[in-house]
Amino acid sequence: MRTSSRWLALMLAFALVLSAFAFTGCAAEEEPAEEPTEEPAEEPAEEPAEAEYPEFTTIEEGKLLVGSDTAFPPFESMNGDVAEGFDVDLMDAIGEKLGLEVVFMTEIFDTLIPTLKAGGKFDVIASGMTIKPERELEIDFADPYYDSNQSLVMPKGSMYNGPEDLAGKRIGVQSGTTGEAWAQENIPDATLVPFKNATEAFAAAQAGNVDAIVNDLPVSTEILKEDDRGLEIVAQIPTGEQYGFGVSKDNPGLTEAINMALAELKEEGTYAEIYEKWFGIAPPAE
Ligand code: GLN
(Lines give C-alpha, C1' and ligand atoms only; values in the text may rest on other atoms or scores of the structure.)
Protein backbone atom coordinates (compact mmCIF):
# COMPACT_ATOMS: atom_id res chain seq x y z
CA MET A 1 0.00 0.00 0.00
CA ARG A 2 2.62 2.42 1.03
CA THR A 3 4.74 1.92 -1.96
CA SER A 4 1.83 2.18 -4.34
CA SER A 5 0.59 5.46 -2.84
CA ARG A 6 4.12 6.80 -3.00
CA TRP A 7 4.28 5.69 -6.57
CA LEU A 8 0.96 7.42 -7.20
CA ALA A 9 2.22 10.64 -5.63
CA LEU A 10 5.28 10.47 -7.81
CA MET A 11 3.21 9.91 -10.89
CA LEU A 12 0.98 12.83 -9.93
CA ALA A 13 3.93 15.13 -9.46
CA PHE A 14 5.33 14.02 -12.78
CA ALA A 15 2.00 14.68 -14.47
CA LEU A 16 1.87 18.14 -12.89
CA VAL A 17 5.31 19.01 -14.13
CA LEU A 18 4.42 17.70 -17.56
CA SER A 19 1.24 19.73 -17.80
CA ALA A 20 3.08 22.83 -16.61
CA PHE A 21 5.52 22.29 -19.47
CA ALA A 22 2.72 21.72 -21.86
CA PHE A 23 1.06 24.93 -20.71
CA THR A 24 4.15 27.09 -21.05
CA GLY A 25 4.83 25.31 -24.28
CA CYS A 26 1.48 26.37 -25.57
CA ALA A 27 1.82 29.91 -24.39
CA ALA A 28 5.24 30.15 -25.92
CA GLU A 29 3.91 28.78 -29.15
CA GLU A 30 1.00 31.13 -29.37
CA GLU A 31 2.96 34.35 -29.44
CA PRO A 32 5.30 33.77 -32.33
CA ALA A 33 2.33 32.20 -34.11
CA GLU A 34 0.64 35.59 -34.12
CA GLU A 35 3.32 37.51 -35.97
CA PRO A 36 3.49 35.46 -39.13
CA THR A 37 -0.31 35.55 -39.46
CA GLU A 38 -0.26 39.34 -39.21
CA GLU A 39 2.33 39.94 -41.90
CA PRO A 40 0.86 37.99 -44.78
CA ALA A 41 -2.54 39.48 -43.90
CA GLU A 42 -1.16 42.97 -44.56
CA GLU A 43 0.30 42.24 -47.95
CA PRO A 44 -2.77 40.98 -49.79
CA ALA A 45 -4.69 43.96 -48.37
CA GLU A 46 -2.30 46.34 -50.10
CA GLU A 47 -1.87 44.45 -53.32
CA PRO A 48 -5.33 44.87 -54.88
CA ALA A 49 -4.97 48.69 -54.77
CA GLU A 50 -2.14 48.40 -57.28
CA ALA A 51 -3.34 45.43 -59.24
CA GLU A 52 -6.92 46.70 -59.28
CA TYR A 53 -6.89 48.83 -62.42
CA PRO A 54 -6.71 47.10 -65.77
CA GLU A 55 -3.81 47.72 -68.10
CA PHE A 56 -4.02 50.70 -70.41
CA THR A 57 -1.69 52.93 -72.39
CA THR A 58 -1.04 56.67 -72.20
CA ILE A 59 0.68 58.81 -74.80
CA GLU A 60 3.19 60.20 -72.30
CA GLU A 61 4.38 58.05 -69.44
CA GLY A 62 2.97 59.14 -66.08
CA LYS A 63 0.58 61.64 -67.65
CA LEU A 64 -3.04 61.67 -68.69
CA LEU A 65 -3.43 64.15 -71.53
CA VAL A 66 -6.94 65.57 -71.70
CA GLY A 67 -8.50 67.27 -74.74
CA SER A 68 -11.09 69.89 -73.79
CA ASP A 69 -12.97 72.92 -75.10
CA THR A 70 -11.96 75.04 -72.12
CA ALA A 71 -14.60 77.75 -72.64
CA PHE A 72 -17.47 75.85 -71.04
CA PRO A 73 -17.90 76.94 -67.41
CA PRO A 74 -18.42 75.57 -64.83
CA PHE A 75 -17.11 72.36 -66.46
CA GLU A 76 -13.90 73.83 -67.85
CA SER A 77 -12.59 77.34 -68.28
CA MET A 78 -9.21 79.01 -68.26
CA ASN A 79 -8.10 80.98 -65.22
CA GLY A 80 -5.01 82.59 -66.68
CA ASP A 81 -3.26 79.60 -68.18
CA VAL A 82 -4.69 77.11 -65.69
CA ALA A 83 -7.79 75.09 -66.54
CA GLU A 84 -10.42 74.88 -63.80
CA GLY A 85 -13.92 73.49 -63.34
CA PHE A 86 -15.96 70.44 -62.46
CA ASP A 87 -14.44 68.28 -65.23
CA VAL A 88 -10.95 69.45 -64.27
CA ASP A 89 -11.35 68.56 -60.57
CA LEU A 90 -12.98 65.25 -61.43
CA MET A 91 -10.23 64.32 -63.92
CA ASP A 92 -7.58 65.36 -61.38
CA ALA A 93 -9.16 63.06 -58.78
CA ILE A 94 -9.28 60.22 -61.32
CA GLY A 95 -5.65 60.88 -62.28
CA GLU A 96 -4.64 60.72 -58.63
CA LYS A 97 -6.26 57.29 -58.32
CA LEU A 98 -4.50 56.05 -61.44
CA GLY A 99 -1.17 57.58 -60.43
CA LEU A 100 -1.13 59.95 -63.41
CA GLU A 101 -0.59 63.69 -63.72
CA VAL A 102 -3.58 65.20 -65.52
CA VAL A 103 -2.80 67.80 -68.20
CA PHE A 104 -5.67 69.73 -69.85
CA MET A 105 -5.15 70.82 -73.46
CA THR A 106 -7.45 73.37 -75.11
CA GLU A 107 -9.05 72.14 -78.33
CA ILE A 108 -12.02 73.19 -80.48
CA PHE A 109 -15.02 71.09 -79.42
CA ASP A 110 -15.80 69.96 -82.95
CA THR A 111 -12.28 68.53 -83.42
CA LEU A 112 -12.19 66.50 -80.19
CA ILE A 113 -13.59 63.19 -81.46
CA PRO A 114 -11.63 63.01 -84.75
CA THR A 115 -8.40 64.00 -82.94
CA LEU A 116 -8.87 61.40 -80.20
CA LYS A 117 -9.67 58.80 -82.83
CA ALA A 118 -6.58 59.66 -84.87
CA GLY A 119 -4.49 59.17 -81.70
CA GLY A 120 -1.24 60.66 -80.48
CA LYS A 121 -2.44 64.02 -79.11
CA PHE A 122 -4.50 63.33 -75.98
CA ASP A 123 -5.73 60.24 -74.11
CA VAL A 124 -9.14 61.41 -72.91
CA ILE A 125 -11.87 63.92 -73.78
CA ALA A 126 -13.27 65.77 -70.76
CA SER A 127 -15.42 68.51 -72.22
CA GLY A 128 -19.00 68.38 -70.99
CA MET A 129 -19.51 65.95 -73.85
CA THR A 130 -22.89 64.28 -74.16
CA ILE A 131 -22.91 60.52 -74.67
CA LYS A 132 -24.67 60.00 -78.00
CA PRO A 133 -25.12 56.81 -80.06
CA GLU A 134 -23.50 58.48 -83.12
CA ARG A 135 -20.45 59.41 -81.06
CA GLU A 136 -20.30 55.92 -79.55
CA LEU A 137 -19.65 54.60 -83.04
CA GLU A 138 -16.42 56.65 -83.08
CA ILE A 139 -15.14 56.51 -79.50
CA ASP A 140 -15.93 54.84 -76.18
CA PHE A 141 -17.42 56.70 -73.24
CA ALA A 142 -16.80 56.03 -69.57
CA ASP A 143 -19.91 55.89 -67.36
CA PRO A 144 -22.08 59.05 -67.25
CA TYR A 145 -20.92 61.61 -64.69
CA TYR A 146 -23.39 64.49 -65.10
CA ASP A 147 -27.06 64.91 -66.16
CA SER A 148 -27.75 67.88 -68.39
CA ASN A 149 -30.37 69.62 -70.55
CA GLN A 150 -30.45 72.37 -73.17
CA SER A 151 -31.48 75.99 -72.77
CA LEU A 152 -32.65 78.78 -75.03
CA VAL A 153 -31.12 82.17 -74.33
CA MET A 154 -32.53 85.44 -75.72
CA PRO A 155 -32.32 89.17 -74.98
CA LYS A 156 -34.20 90.03 -71.78
CA GLY A 157 -37.90 90.63 -72.27
CA SER A 158 -38.09 88.57 -75.51
CA MET A 159 -41.40 86.84 -76.23
CA TYR A 160 -40.99 83.10 -76.43
CA ASN A 161 -43.80 80.56 -76.39
CA GLY A 162 -42.22 77.77 -78.39
CA PRO A 163 -39.70 76.98 -81.18
CA GLU A 164 -42.14 78.34 -83.81
CA ASP A 165 -41.48 81.85 -82.43
CA LEU A 166 -37.93 81.47 -83.72
CA ALA A 167 -38.89 80.59 -87.31
CA GLY A 168 -36.61 82.38 -89.73
CA LYS A 169 -34.45 83.85 -86.92
CA ARG A 170 -30.68 83.72 -86.48
CA ILE A 171 -29.79 81.13 -83.86
CA GLY A 172 -26.30 80.92 -82.40
CA VAL A 173 -25.00 77.40 -81.69
CA GLN A 174 -21.68 75.72 -81.00
CA SER A 175 -20.47 73.67 -83.94
CA GLY A 176 -20.85 69.95 -83.51
CA THR A 177 -22.85 70.09 -80.29
CA THR A 178 -26.12 68.58 -79.14
CA GLY A 179 -27.49 72.16 -78.96
CA GLU A 180 -26.83 72.57 -82.67
CA ALA A 181 -28.54 69.23 -83.37
CA TRP A 182 -31.57 70.25 -81.28
CA ALA A 183 -31.87 73.57 -83.15
CA GLN A 184 -31.60 71.82 -86.53
CA GLU A 185 -34.39 69.43 -85.62
CA ASN A 186 -36.74 71.72 -83.75
CA ILE A 187 -36.60 75.29 -85.05
CA PRO A 188 -38.36 75.71 -88.37
CA ASP A 189 -36.45 77.56 -91.12
CA ALA A 190 -33.89 78.98 -88.71
CA THR A 191 -30.55 80.25 -89.87
CA LEU A 192 -28.07 78.51 -87.61
CA VAL A 193 -24.95 80.54 -86.93
CA PRO A 194 -22.15 78.23 -85.77
CA PHE A 195 -19.54 79.35 -83.21
CA LYS A 196 -16.45 77.54 -82.08
CA ASN A 197 -17.38 77.81 -78.40
CA ALA A 198 -20.04 79.01 -75.94
CA THR A 199 -18.16 82.19 -75.03
CA GLU A 200 -18.26 83.40 -78.65
CA ALA A 201 -21.93 82.48 -79.05
CA PHE A 202 -22.83 84.52 -75.95
CA ALA A 203 -20.77 87.48 -77.13
CA ALA A 204 -22.64 87.40 -80.46
CA ALA A 205 -26.02 87.33 -78.69
CA GLN A 206 -24.98 90.22 -76.47
CA ALA A 207 -23.94 92.22 -79.55
CA GLY A 208 -27.26 91.43 -81.23
CA ASN A 209 -25.65 89.43 -84.04
CA VAL A 210 -27.91 86.45 -83.32
CA ASP A 211 -31.49 86.43 -82.01
CA ALA A 212 -31.08 83.48 -79.67
CA ILE A 213 -28.62 80.79 -78.54
CA VAL A 214 -29.21 77.12 -77.89
CA ASN A 215 -26.68 75.91 -75.32
CA ASP A 216 -26.29 73.40 -72.46
CA LEU A 217 -28.41 74.63 -69.52
CA PRO A 218 -25.81 74.47 -66.71
CA VAL A 219 -23.35 76.44 -68.85
CA SER A 220 -25.88 79.14 -69.79
CA THR A 221 -26.81 79.42 -66.11
CA GLU A 222 -23.15 79.84 -65.15
CA ILE A 223 -22.29 82.31 -67.91
CA LEU A 224 -25.22 84.60 -67.02
CA LYS A 225 -24.86 84.19 -63.25
CA GLU A 226 -22.68 87.16 -62.42
CA ASP A 227 -23.27 89.38 -65.43
CA ASP A 228 -26.49 88.71 -67.33
CA ARG A 229 -25.26 90.74 -70.36
CA GLY A 230 -28.87 91.74 -71.05
CA LEU A 231 -29.67 88.08 -71.81
CA GLU A 232 -31.88 85.54 -70.08
CA ILE A 233 -32.76 81.87 -70.26
CA VAL A 234 -36.25 81.94 -71.80
CA ALA A 235 -36.70 78.17 -71.89
CA GLN A 236 -35.22 75.03 -70.41
CA ILE A 237 -35.27 72.23 -72.95
CA PRO A 238 -35.41 68.80 -71.29
CA THR A 239 -33.19 66.71 -73.57
CA GLY A 240 -32.10 64.33 -70.77
CA GLU A 241 -28.41 64.33 -71.78
CA GLN A 242 -25.61 62.67 -69.87
CA TYR A 243 -21.97 63.70 -70.03
CA GLY A 244 -19.23 61.13 -70.26
CA PHE A 245 -15.42 61.12 -70.63
CA GLY A 246 -14.37 59.94 -74.08
CA VAL A 247 -11.64 57.35 -74.67
CA SER A 248 -10.26 55.78 -77.85
CA LYS A 249 -11.73 52.41 -78.78
CA ASP A 250 -8.11 51.18 -78.94
CA ASN A 251 -7.69 51.75 -75.18
CA PRO A 252 -10.54 49.87 -73.45
CA GLY A 253 -8.46 49.39 -70.27
CA LEU A 254 -8.45 53.16 -69.76
CA THR A 255 -12.25 53.38 -70.02
CA GLU A 256 -12.53 50.61 -67.45
CA ALA A 257 -9.92 52.21 -65.16
CA ILE A 258 -11.79 55.56 -65.31
CA ASN A 259 -15.04 53.77 -64.48
CA MET A 260 -13.46 52.10 -61.47
CA ALA A 261 -11.93 55.37 -60.27
CA LEU A 262 -15.26 57.20 -60.76
CA ALA A 263 -17.12 54.54 -58.77
CA GLU A 264 -14.59 54.86 -55.94
CA LEU A 265 -14.85 58.67 -55.96
CA LYS A 266 -18.64 58.39 -55.72
CA GLU A 267 -18.44 55.83 -52.95
CA GLU A 268 -15.99 57.80 -50.83
CA GLY A 269 -17.86 61.11 -51.26
CA THR A 270 -15.20 62.93 -53.30
CA TYR A 271 -17.51 63.14 -56.33
CA ALA A 272 -20.21 64.79 -54.17
CA GLU A 273 -17.67 67.26 -52.77
CA ILE A 274 -16.52 68.29 -56.24
CA TYR A 275 -20.15 68.53 -57.43
CA GLU A 276 -21.10 70.79 -54.53
CA LYS A 277 -18.04 72.94 -55.08
CA TRP A 278 -19.08 73.78 -58.66
CA PHE A 279 -22.90 73.59 -58.54
CA GLY A 280 -23.60 74.62 -54.93
CA ILE A 281 -25.94 71.66 -54.42
CA ALA A 282 -25.62 67.96 -53.71
CA PRO A 283 -25.59 65.64 -56.75
CA PRO A 284 -28.92 64.01 -57.59
CA ALA A 285 -29.44 60.56 -56.04
CA GLU A 286 -28.48 57.77 -58.44
N1 GLN B 1 -22.92 68.73 -74.23
C2 GLN B 1 -22.84 69.31 -75.53
C3 GLN B 1 -22.35 68.28 -76.52
O4 GLN B 1 -21.84 67.29 -76.14
C5 GLN B 1 -21.92 70.53 -75.57
C6 GLN B 1 -20.53 70.29 -75.10
C7 GLN B 1 -19.60 71.44 -75.25
O8 GLN B 1 -19.86 72.41 -75.96
N9 GLN B 1 -18.46 71.41 -74.60
O10 GLN B 1 -22.49 68.45 -77.69
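Please state which of the following conditions Val234 fails to meet, knowing it meets all the rest: (1) β-branched (Val, Ile, Thr); (2) in contact with a strand residue (DSSP E or B) (Cβ under 6 Å, 6 or more places away or on another chain); (3) touching a residue at least 60 places away in the same chain (Cβ under 8 Å); (4) within 12 Å of the ligand (Cβ to nearest atom).
All conditions are met except number (4).
Could you tell me how many of the residues in the range 135-159 are away from the ligand (no atom under 14 Å from the Cβ) and loosely packed, with under 14 Cβ neighbours inside 10 Å?
Looking only at that region, the number is 4.
Do you know which of the residues in the range 164-180 that are under 27 Å from Phe75 (Cα atoms) and small (Gly, Ala, Ser) is farthest from the ligand (Cβ to nearest atom)?
Filtering the range 164-180 for residues that are under 27 Å from Phe75 (Cα atoms) and small (Gly, Ala, Ser), the one farthest from the ligand (Cβ to nearest atom) comes out as Gly172.
Within the range 181-198, does at least one residue satisfy the condition of being within 28 Å of Ala285 (Cα to Cα), within 13 Å of the ligand (Cβ to nearest atom) and modelled with pLDDT of 95 or more?
Taking the range 181-198 and keeping what is within 28 Å of Ala285 (Cα to Cα), we get 182.
Right, trim to within 13 Å of the ligand (Cβ to nearest atom) and you get 182.
From what is left, the residues that are modelled with pLDDT of 95 or more are 182.
Yes, the range 181-198 contains at least one residue that is within 28 Å of Ala285 (Cα to Cα), within 13 Å of the ligand (Cβ to nearest atom) and modelled with pLDDT of 95 or more.
Considering only the range 115-134, state which residues are within 8 Å of the ligand (Cβ to nearest atom) and open to solvent by 10 Å² or more (accessible area, probe 1.4 Å).
Initially, the range 115-134 is screened for residues within 8 Å of the ligand (Cβ to nearest atom), giving 127-130, 132.
Answer for the range 115-134, where residues must be within 8 Å of the ligand (Cβ to nearest atom) and open to solvent by 10 Å² or more (accessible area, probe 1.4 Å): just Lys132.
Select from the range 78-107 the residues that are part of a strand (DSSP E or B) and open to solvent by 30 Å² or more (accessible area, probe 1.4 Å) and list them in ascending order.
Met78, Asn79, Val82, Glu84, Glu101, Val103, Phe104, Met105, Thr106
Which condition breaks for Ser220 when tested against (1) of a type in the set (S, T, N, Q); (2) open to solvent by less than 40 Å² (accessible area, probe 1.4 Å); (3) out of contact with any helix residue (DSSP H, G or I) (no Cβ under 9 Å at 6 or more places or on another chain)?
Evaluating Ser220 over (1) of a type in the set (S, T, N, Q); (2) open to solvent by less than 40 Å² (accessible area, probe 1.4 Å); (3) out of contact with any helix residue (DSSP H, G or I) (no Cβ under 9 Å at 6 or more places or on another chain) leaves (3) as the failure.
The values are calculated or read from the model by the stated rules, or taken from the named source; none is laboratory data. Fair warning: this is a prediction, and the values are worked out from it, not measured in the lab. We place every Cβ from the backbone using ideal geometry, glycine too, and count neighbours over all the protein chains shown. With ligands, DNA and RNA removed, areas are computed over all heavy atoms of the protein, side chains included. Shrake-Rupley method; radii C 1.70, N 1.55, O 1.52, S 1.80 Å.
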